[in-house]
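Encoded as structure tokens, the structure appears first; notes follow it.
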Amino acid sequence: MKTCKEKAVEWGVSYRSVNDMCKRGKISGAIKVKGIWQIPDDARKPVDGRISSGKYCKKIASADMKSLPIGISDYIRAQSEYYYVDKTLLIKAFLDQKPLVSLFTRPRRFGKTLNMDMLRVFFEISEDDTGKYFTDKKIWECGEEYRSHQGKYPVIFLTFKDVKFDTWEATIDKIRGLLQEEYGRHQELLGSDKISKYEKAYFEKILDCSVNEVELTSALEKLSKMLAVHYGKAPIIIIDEYDTPIQEGYSKDFYEEIIGFMRNFFSGAFKDNKYLSYGFLTGILRIAQESIFSGLNNLTVNSVMDEAYECYFGFTEDEVEDMLEYYGVADKENELKEWYDGYLFGSCEIYNPWSVISYISKGCIPQAYWVNTGKNEILEDVLKIATDDIIEKLYSLLQGTKVIARIDENVVYRSISEDPANIYSLLLVAGYLNAPKKALQADGSYLCEVSIPNREIAAVYKSEILSHLLQIGAITRTTANQIAESLYANDYKKLQKAIAEYMDKSVSFYDAGAEGFYHGLVLGLIALMDNQYKITSNRESGDGRYDISLLPRTNQYPGIIMELKWKKNLEKEALEQLAEEALHQIDDRRYDSEMKENKVKDILKFGIAFSGKKVMIKTKDIE
């Protein structure tokens, strides 16, 4: 007999998964002895990862399985028609504290909209019995103290997740339309004898989309008052993805207009509003420095650094294991973890939910699913203003190392240009970095050890860097394709030519002779070749330190060593001689020792010299 732990190692699944199978009677012959499951030595794991005596189907989603809720943010539909990860204990966590206004900051596609719609359905007064959507959920098991709040409040709900326009005029028109729709949900107020004539007139103007910008700023405040008077109960106001139009305003040059509007729009709703029971907001960033809620002292911010609500946005490890079990792909746990785990919210390990469900629904093919769901302006802005120090840290992060950075949760979009060091704060809250270690400082900021969370995010760093290099003309698409094609075809001559062209283009762009050139070169090579190579720089090997080494990940590719040299004002002949010196240095100092120790037989060597905007490359054929 073997223990669950021993069988978990044998089958390549988690201990918890095997223990759960035993409890559900799925392992024939498993018995509990003194509280510990004992499993027969010959018990076998079937193809689909679940243990029973029946036949198995390798299809991820069979007819008797619920589909995965890709892009579903409607709570009622998600929990009834799809595989739903129960996050209803978020309601209990809130009711235990009852903060007046709560802001939840999390990266995009981490379940914010679905959770907010869940809150709406739970709390909102409705003609239908909406309690039926929670009777089989965890919140219902918590007792009458919590169930008594179900269906007892009028609710105002707005989501700004789709307010993404190029102009202020289009943005305010969209917001006007969202308010028209939300007022339309509450048309019972038009027939109420408790609502004054002038309030109904304003209501009609909202429905007609005839309110001007100034009148629109009072929409939340006026609707909350009308609902409170009509129902005798102050409403709950939910604003989802509040900062989406702010980010658009920053990138599309109408920042001051959107900030000015939001300040008045939200202040009427949340600041000194006696017609408010509770308020909920979600977004990527905190809002303190935006002065949107100037003077609001009853706002509770729950960020990725806080332990409050840490497990309610994104999937926990247990939730992922349950999902893999359900779909019969428990054997994919390690791959899924490598690609989509790595986030730490508070002290809770979190998986990217969008990527997890996309991975399973696509037949467990690992790809960068999350990063393709939206634009990555944050990384674009980082690369535009990157200093040498930032470039060096980006390079280190891509190599899997951790770097020390100061994290200020009050950072805002415009602060990137004001202080480039703020990029780490933006990258962290937006989901592009993780902070496994953090220390709170006296000024409220954190000193953190940050890293790239997983392979998916590493992929977006590389793609954005390549896109940036192509955009600024540092390399051409032709060069990128030549490198990819030559690697695929093992055409070393073509690879040499492509790298030489890349070097030439890089030198023509980067500030020749500056430290940033080396880092820019390495970042470009990573973006182009990291799938095939592990790229390092300035490492000891043999009798010295090489400049750049590309160690092949498989024996299919040759190793590549580059030695770079630079001098001012060299003519062609002297530059050629300097490149020869660089090439000979690779052999003289045995820079290929590390590769030979790793059993790399074929090694390409590049001696590269540059002076000003000129570059000379000498290569040595594979030995």
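Quick look at the numbers
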{"quantity": "Residue selected from the stretch 164-185 under the condition assigned to a helix (DSSP H, G or I) and aromatic (F, W, Y), by the criterion farthest from the chain's Cα centre (by Cα)", "calculated": "Y183"}
{"quantity": "Selection within the stretch 564-575 - buried (at least 16 other Cβ atoms within 10 Å of the Cβ) and not aliphatic (A, V, I, L, M)", "calculated": "K565, W566"}
{"quantity": "Every residue from the stretch 571-610 that is of a type in the set (F, W, Y) and over 18 Å from L550 (Cβ atoms)", "calculated": "F610"}
{"quantity": "Residue that is surrounded by the fewest Cβ atoms within 10 Å (Cβ to Cβ), among those in the stretch 371-421 that are at pLDDT below 70 and basic (K, R)", "calculated": "K375"}
{"quantity": "Filter pass, S218 being closer than 29 Å to Q150 by Cβ and among the hydroxyl-bearing types (S, T, Y)", "calculated": "no"}
{"quantity": "Index of the failed condition, K137 passing every other in (1) in contact with an Asp or Glu (Cβ under 7 Å, 6 or more places away or on another chain); (2) within 25 Å of F270 (Cα to Cα); (3) not β-branched (V, I, T)", "calculated": "(2)"}
{"quantity": "Residue identified as out of contact with any helix residue (DSSP H, G or I) (no Cβ under 6 Å at 6 or more places or on another chain), hydrophobic (A, V, I, L, M, F, W, C) and either modelled with pLDDT under 95 or more than 17 Å from P453 (Cβ to Cβ) (or both) among A330, A308", "calculated": "A308"}
{"quantity": "Any pair with Cβ under 7 angstrom, 6 or more apart, that starts in the stretch 78-106 at a residue that is under 17 Å from G314 (Cα atoms) and ends at one that is surrounded by fewer than 16 Cβ atoms within 10 Å (Cβ to Cβ) and of a type in the set (K, R)", "calculated": "Y82/K66; Y83/K66; D86/K138; T88/K138; L89/K138"}
{"quantity": "Odd one out for Y242 among (1) in a loop (DSSP other than H, G, I, E, B); (2) out of contact with any strand residue (DSSP E or B) (no Cβ under 6 Å at 6 or more places or on another chain)", "calculated": "(2)"}
{"quantity": "Subset of the stretch 311-361 [of a type outside the set (A, V, I, L, M), in a helix (DSSP H, G or I) and touching a Cys at 6+ places or on another chain (Cβ under 8 Å)]", "calculated": "K332, E335"}
{"quantity": "Number of positions in the stretch 141-150 that are touching a residue at least 40 places away in the same chain (Cβ under 8 Å) and under 20 Å from D74 (Cβ atoms)", "calculated": "0"}
{"quantity": "The stretch 569-623, subset of a type in the set (V, I, T) and touching a residue at least 60 places away in the same chain (Cβ under 8 Å), residue farthest from N555 (Cα to Cα)", "calculated": "V615"}
{"quantity": "Qualifying positions in the stretch 69-107 - assigned to a loop (DSSP other than H, G, I, E, B) and basic (K, R)", "calculated": "K87, K98, R106"}
{"quantity": "From L299, L336, residue being at pLDDT below 95 and in contact with a helix residue (DSSP H, G or I) (Cβ under 9 Å, 6 or more places away or on another chain)", "calculated": "L299"}
{"quantity": "Criterion: crowded, with 19+ Cβ neighbours inside 10 Å, touching a residue at least 60 places away in the same chain (Cβ under 8 Å) and under 29 Å from the mean Cα position of the chain (by Cα) - qualifying residue of Y153, Y242", "calculated": "Y242"}
{"quantity": "Residue check, S224 among the hydroxyl-bearing types (S, T, Y), surrounded by fewer than 19 Cβ atoms within 10 Å (Cβ to Cβ) and not in a strand (DSSP E or B)", "calculated": "no"}
{"quantity": "Pairs, first without any contact (Cβ under 8 Å) to a residue 40 or more places away in the chain in the stretch 306-318, second assigned to a helix (DSSP H, G or I) and surrounded by fewer than 21 Cβ atoms within 10 Å (Cβ to Cβ), C-beta under 6 Å, six or more apart", "calculated": "none"}
{"quantity": "Unmet requirement for T130, which otherwise passes all of (1) at pLDDT 80 or above; (2) within 28 Å of the chain's Cα centre (by Cα)", "calculated": "(2)"}
{"quantity": "Number of the condition not met by Y395 [criteria: (1) out of contact with any Pro (no Cβ under 7 Å at 6 or more places or on another chain); (2) under 30 Å from K252 (Cβ atoms)]", "calculated": "(2)"}
{"quantity": "Qualifying residue in the stretch 201-209 (condition: assigned to a helix (DSSP H, G or I), among the basic types (K, R) and surrounded by fewer than 21 Cβ atoms within 10 Å (Cβ to Cβ))", "calculated": "yes"}
{"quantity": "Residue within the stretch 155-162 that is under 30 Å from T244 (Cβ atoms) and modelled with pLDDT under 95 present", "calculated": "yes"}
{"quantity": "Residue that is surrounded by the most Cβ atoms within 10 Å (Cβ to Cβ), among those in the stretch 166-200 that are touching a residue at least 60 places away in the same chain (Cβ under 8 Å) and touching a Lys or Arg at 6+ places or on another chain (Cβ under 8 Å)", "calculated": "T167"}
{"quantity": "Among residues of the stretch 456-490, those that are surrounded by 16 or more Cβ atoms within 10 Å (Cβ to Cβ) and either basic (K, R) or not in a helix (DSSP H, G or I) (or both), counted", "calculated": "3"}
{"quantity": "Contacts under 9 angstrom Cβ, first residue in the stretch 3-31 being closer than 21 Å to V320 by Cβ and modelled with pLDDT under 70, partner surrounded by fewer than 16 Cβ atoms within 10 Å (Cβ to Cβ) and of a type in the set (A, V, I, L, M), 6 or more apart", "calculated": "Y15/V9"}
{"quantity": "Pick from the stretch 269-285, criterion at pLDDT below 90 and surrounded by fewer than 20 Cβ atoms within 10 Å (Cβ to Cβ), ranking: farthest from the chain's Cα centre (by Cα)", "calculated": "D272"}
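The values are calculated or read from the model by the stated rules, or taken from the named source; none is laboratory data. Predicted model, so just to flag it, every value in this text is computed and none were measured. Glycine also receives a Cβ, built like all others from the backbone with ideal geometry; neighbour counts cover every protein chain displayed.
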